[in-house]
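The values are calculated or read from the model by the stated rules, or taken from the named source; none is laboratory data. Note that the structure is a prediction, hence the values are computed from the model and not measured. Methodologically, a virtual Cβ is constructed for each residue, glycine included, from the backbone with ideal geometry; neighbour enumeration extends over all protein chains shown. Just the protein is used for accessible areas: all its heavy atoms, side chains included, with ligands, DNA and RNA removed. Shrake-Rupley method; radii C 1.70, N 1.55, O 1.52, S 1.80 Å.
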Amino acid sequence: MGCIEMLRSIDRSGTIALVAEETCRVYSRALIPYYLAGQIDLEKMYYRKADFYEKLNVAALLGQKAVDIDTGKKEVLLSGGEKIGYNKLLLATGGRPLIPPMEGLDKENIFTFLNMDDVLKIEKALENAQRAVVLGGGVIGLMAAEALCKKGLQAHVVELAGRVLAPVVDEPVSSLLEALFAEKGVQVTTNNTIKEIKGGSAVDGVVLTDGTQIPCDMLVLAMGVAPRIELGVQAGLKIDRGILVNERMETSQADLYACGDCAQGYDSVAGISKVIPLWPNAYLGGRIAGANMAGGRRENVWSTNMNSMHFFDLCLITAGLNVSAEDPGGFVNISRLDMQKKYYRKFILREGRIAGFILAGKISRAGIFVNLMRTKADVSQFADDLFNEDFGYGSIPENLRWELLEKDLILGVVNQ
Ligand SMILES: Cc1cc2nc3c(=O)[nH]c(=O)nc-3n(C[C@H](O)[C@H](O)[C@H](O)COP(=O)(O)OP(=O)(O)OC[C@H]3O[C@@H](n4cnc5c(N)ncnc54)[C@H](O)[C@@H]3O)c2cc1C
């Protein structure tokens, strides 16, 4: 979507073809749990109106899979046998759910939680379900468990790590979340996983590695997502975890671009190349790729993990590094926690500069914290003020405040 919109803003007449395996137009995966919980209707899931592709003169080949790229002939082969030529090609193939081999995976009422098809199937299965097990206590697993709980199911989350949401937040927030889910009636079991899926043709329970048996009518697999790199592999692109791209979203081969969950670029805060499987990163990457594909020159000048989440009545924003108390090497963590009020604020400082933060409960001012982090501003003089609820640009020493406001960037894109 980002790429198409950028391409069309530059070039009104060139041919654009979109090949998409799913049959519906572009929608928000982040809204899948809200749809399942009955909080929004299907129409609200779509990012754009029904005539989006028509209006932008895009040949939308929905329900078609790209199975091969001939980079010599510059052609994409579709599963139906059709070939489409290209001058520039963007790979935005997203991710696929990670599912380790398990006995009984072929039973009915076992779902992933990634796309529209999954949620429609789960919705149907809800008619005859009272108990659900969700395998995986990451963002997607917790979202699924919350939605199922809101639909009146007895939900049970099973997480392999010692705490939920471990890669994204630190111990206090995991504890806040575990307490919150327990309060809402969702059981969470950590340090465990499923060794066996029980039932006849349909799942009717799971057995955990420690022998615990949990009866269920539905099992949701939410153990993470891996970049869908197969087309990139086959085209001979350089790949690490994802398809490697530079700041212009160019892959290792001319005229081939990649963005979103399938791509791996530079994380400005972590200082390493990594996959950032988040929507703003995918959309922005698409826009940057689109500008460069159309002959412009745009670069992603700053990107890192930034996640805004909401579980029951708890809002969370995380950005940059997640350094836990167990591994703070070279970092100083400053934090305030109030378990009763479900409030937590933590800043991870490296030489006086914000390298990451977590806000739970009260999430206002996140934009200013991101700006301080992006500009590597030295916050040591006013670090205590970061905890003030009314912290704002006015709380920052004057010389730094003007510097920050002048350097303010929109969406990390620079025009050259
Ligand atoms: C339940 C859920 C909740 C989420 N919540 C958030 C959130 O709150 N905030 C956030 O920032 N991010 C969230 N995300 C992540 C976010 O949705 C992704 O980062 C984003 O969708 C990535 O966009 P993408 O275009 O790279 O890939 P996708 O959105 O995965 O799109 C890729 C598309 O390519 C298709 N495709 C793949 N291979 C082929 C092929 N060979 N031929 C044709 N089509 C193909 C796929 O079927 C898919 O439709 C969530 C994800 C899920 C699943």
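What the table below lists for this structure:
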item	result
Criterion (closer than 19 Å to L105 by Cα and assigned to a helix (DSSP H, G or I)) met by exactly one of A144, A182	A144
Search result, residues across region 150-173 that are in contact with a Leu (Cβ under 6 Å, 6 or more places away or on another chain) and not in a loop (DSSP other than H, G, I, E, B)	A155, V158, P172
Test result for A319, in contact (Cβ under 8 Å) with a residue 12 or more places away in the chain, among the hydrophobic types (A, V, I, L, M, F, W, C) and within 15 Å of the ligand (Cβ to nearest atom)	yes
Candidates I4, I40, filtered to the one that is among the β-branched types (V, I, T), over 25 Å from I288 (Cα atoms) and within 15 Å of the ligand (Cβ to nearest atom)	I40
Candidate set from region 245-264 (those that are part of a strand (DSSP E or B) and over 15 Å from the mean Cα position of the chain (by Cα)); member that is surrounded by the fewest Cβ atoms within 10 Å (Cβ to Cβ)	E250
Residue among V225, V233 that alone is farther than 30 Å from G356 by Cβ and at pLDDT 95 or above	V233
Residue list for region 61-106, restricted to those being open to solvent by less than 40 Å² (accessible area, probe 1.4 Å), at pLDDT 95 or above and not in a strand (DSSP E or B)	Y86, G94
The one condition in (1) in contact with a Pro (Cβ under 9 Å, 6 or more places away or on another chain); (2) in a helix (DSSP H, G or I); (3) of a type outside the set (A, V, I, L, M, F, W, C) that Y35 fails to fulfil	(1)
Residue that is surrounded by the fewest Cβ atoms within 10 Å (Cβ to Cβ), among those in region 107-124 that are among the β-branched types (V, I, T) and near the ligand (Cβ under 10 Å from one of its atoms)	T112
Selection count where residues are modelled with pLDDT under 90 and either in contact with a Pro (Cβ under 9 Å, 6 or more places away or on another chain) or surrounded by fewer than 16 Cβ atoms within 10 Å (Cβ to Cβ) (or both), scope region 304-323	1
Among the candidates R48, R29, residue that is within 10 Å of the ligand (Cβ to nearest atom), touching a residue at least 24 places away in the same chain (Cβ under 8 Å) and open to solvent by 50 Å² or more (accessible area, probe 1.4 Å)	R29
Members of region 209-235 found to be farther than 30 Å from L126 by Cα and open to solvent by 50 Å² or more (accessible area, probe 1.4 Å), listed by number	E230, V233, Q234
Test: residue in region 271-278 that is more than 22 Å from L237 (Cα to Cα), away from the ligand (no atom under 13 Å from the Cβ) and loosely packed, with under 15 Cβ neighbours inside 10 Å	yes
Test for A202: is it away from the ligand (no atom under 16 Å from the Cβ), modelled with pLDDT of 95 or more, over 26 Å from D118 (Cβ atoms) and out of contact with any Pro (no Cβ under 9 Å at 6 or more places or on another chain)	no
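Per-residue answers, yes or no, for (1) within 13 Å of V134 (Cβ to Cβ); (2) among the basic types (K, R); (3) touching a Cys at 6+ places or on another chain (Cβ under 6 Å):
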residue: V206; (1), (2), (3): yes, no, no
residue: D210; (1), (2), (3): no, no, no
residue: M218; (1), (2), (3): yes, no, no
residue: L231; (1), (2), (3): no, no, no
residue: R241; (1), (2), (3): no, yes, no
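This table checks each residue for (1) among the acidic types (D, E); (2) closer than 24 Å to V301 by Cβ; (3) surrounded by fewer than 20 Cβ atoms within 10 Å (Cβ to Cβ).
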| position | (1), (2), (3) |
| --- | --- |
| R336 | no, no, yes |
| Y343 | no, no, yes |
| I348 | no, yes, no |
| G361 | no, no, yes |
| T375 | no, yes, yes |
| S380 | no, no, yes |
| A383 | no, no, yes |
| D390 | yes, no, yes |
